[in-house]
Ligand code: SF4
């Protein structure tokens, strides 16, 4: 029994964990948060929550919080606590000196999907309007950047097509590379409710996840493919639909380009896309692929949900395009119960992309090369905007090593733990003259920083998060920032220390500016959010109360575009030295690299990452459940305990990446998506042997 005391006030706000975007009432007694109560008025959660949102907010008051700014001349020196004025003046001095000596493109920023829309907007504005560079990128680079590319190319906008309510009208759900039961639990419960009512489920995943089978439902088809072969499986489903005439000709003729579809159909009819050929590549029985394709095409309203098991591959963007092709050819777009829905891992992945964090796009997904778009921002910000796209995160690291990139402001992102090829990242950070880290905790990246600016938790600021259904949810300040400032205020202070004259008094003014400059946000304001509770973009004159379903009468780009999807095997191959394929995922009670959940006291939390290995692969190596095992890849090595289970197929092993001791990114390679450089986290060839422990 936990004694929580009697609350004396409450504040409605939004969970800062995953992209479901559940709303909660934070109940306070004085300055103390006593409990979070799931809000019935939350349109994404309707009174429900998962264990993380309900109980895992203790990190906000954890003893590891850093509440004083710190600086040091070099990374070999100890940190020195200083005033905000001294820290900001030190940071601004270094950044200005780099710009004067090496030019504006020697500077850059990394925005965070943990932060609010308003904070993200300000950080990319800092890069473009104060530094004078398009060197801005977001941590979405390492998760959903292929969604941005793939859906942008096919539909014309980088966003999920449906609202969550839509699932209640789905007859078929196709879940690819996602495990909502662990990573999006509240939405998963809505899916399962519909499955218990008789809807059918197809899961494409190398592992038999918790989503494949649950209480009172079981997937009709689980296509347990070899990691890295998504494109082959999805294209084989398209082959079946085209060759068996299961496509929706009326939809394609009215909404897409018929000639373009015919060209695509000629391509996909080729025998190499037939399930019987693809079975040899993917390990999925041809009959299963055929049955899944027929169910998706003919089972009624069919919705696709996907996650990082689609995007974090060398063909991540191609898989997103293949998924969009599947939806368009079957007419499963533009009405309730259908659509293409990326499940966003972090609370504000959608928003960080919407706000212009990418180096080639200004807010609202408008290319920096477009002079009319640049003119809008140049007039508003009073500075010229560089017409050339800037550096992506991996390009920033490469440029640091050749000496042309020297100063980085990184807000709310631990790049050292989150990005692939840790050794390369360390070398890049070491090579820079000024690394500024803004975070709640002294994270791994801060080991190589010169300035540490304390961050504010979601409980300590006003703003908005945009969830996976494009819903802009209010985030409301529950308590004062522990270090004195919310993150948006710190960015403004840094901009002004570098000579800008920003004067935002409240995040509502930042949202007003976003709305003025971004057509899809034109009607958004804090007044509207107070009135409606939340709103889904596009929200403008045509849709003053937002847009639950997109592409109803036409695609954002006009006609939907079919693009050929050639399967190209990843360069990460198995062989005698590295015979098994490692793939990764999450569990319900932990979150990403665990910075928050590991700092929330709870004995029930999962305490270590383990390696799942098939009984056959374990037996031939003499490995039993609970044994220590040594993993070696071409990039690095680590040691984990083994869990012997048939959740994974022979030849495949699996682990989570919630604990730093696992060193998951020491093992992963530097292969990445061809279009966006999203790292190929999901496929690593490894050797595994018994070990005596770390
Ligand atoms: Fe938070 Fe996601 Fe859980 Fe909802 S489902 S409470 S948004 S972690």
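The values are calculated or read from the model by the stated rules, or taken from the named source; none is laboratory data. Values in this document were obtained by computation on a predicted structure and should not be read as measured data. Note: ideal-geometry Cβ built from the backbone for every residue, glycine included; neighbour counts use all protein chains shown.
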Got a number for residues in segment 161-178 being within 15 Å of the ligand (Cβ to nearest atom) and touching a strand residue (DSSP E or B) at 6+ places or on another chain (Cβ under 6 Å)? 1
Starting from segment 541-560, keep only residues that are surrounded by fewer than 16 Cβ atoms within 10 Å (Cβ to Cβ), then list their pairs with residues that are in a loop (DSSP other than H, G, I, E, B) and modelled with pLDDT of 95 or more whose Cβ atoms are within a distance under 6 Å, requiring at least 6 positions of separation or different chains. 544/523
Find the residue count for segment 453-469, including only residues that are crowded, with 24+ Cβ neighbours inside 10 Å and either within 15 Å of the ligand (Cβ to nearest atom) or assigned to a strand (DSSP E or B) (or both). 10
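The rows are residues; the columns are (1) surrounded by 19 or more Cβ atoms within 10 Å (Cβ to Cβ); (2) within 16 Å of the ligand (Cβ to nearest atom); (3) in contact (Cβ under 8 Å) with a residue 12 or more places away in the chain.
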| position | (1), (2), (3) |
| --- | --- |
| 248 | no, no, yes |
| 254 | no, no, no |
| 261 | yes, no, yes |
| 280 | no, no, no |
| 311 | yes, no, yes |
| 334 | yes, no, yes |
| 344 | yes, yes, yes |
| 349 | yes, yes, yes |
Does any residue of segment 190-201 turn out to be away from the ligand (no atom under 16 Å from the Cβ), within 17 Å of residue 323 (Cα to Cα) and assigned by TED's automatic domain parsing to the domain that holds residue 326? yes
State yes or no: is residue 380 surrounded by fewer than 23 Cβ atoms within 10 Å (Cβ to Cβ) and under 27 Å from residue 412 (Cβ atoms)? yes
Evaluate segment 483-491: report whether one residue or more is in contact with a helix residue (DSSP H, G or I) (Cβ under 6 Å, 6 or more places away or on another chain) and either surrounded by fewer than 23 Cβ atoms within 10 Å (Cβ to Cβ) or in a loop (DSSP other than H, G, I, E, B) (or both). no
So how many residues does segment 678-694 have that are more than 23 Å from residue 651 (Cβ to Cβ) and at pLDDT 85 or above? 2
Please state which of the following conditions residue 389 fails to meet, knowing it meets all the rest: (1) within 18 Å of residue 108 (Cβ to Cβ); (2) more than 22 Å from the chain's Cα centre (by Cα). (2)
Any chance segment 618-638 includes a residue that's in a loop (DSSP other than H, G, I, E, B), surrounded by 15 or more Cβ atoms within 10 Å (Cβ to Cβ) and free of Cβ contacts under 8 Å to residues at least 40 places away in the same chain? no
Criterion first (surrounded by fewer than 24 Cβ atoms within 10 Å (Cβ to Cβ), touching a strand residue (DSSP E or B) at 6+ places or on another chain (Cβ under 8 Å) and within 28 Å of residue 407 (Cβ to Cβ)) does residue 447 satisfy it? no
Helices (runs of 4 or more DSSP H) (entirely within segment 266-380) containing at least 2 residues that are in contact with a strand residue (DSSP E or B) (Cβ under 6 Å, 6 or more places away or on another chain): 286-298, 316-329, 349-354
Quick check, is residue 470 on the phi > 0 side of the Ramachandran plot, in contact with a strand residue (DSSP E or B) (Cβ under 6 Å, 6 or more places away or on another chain) and in contact (Cβ under 8 Å) with a residue 40 or more places away in the chain? yes
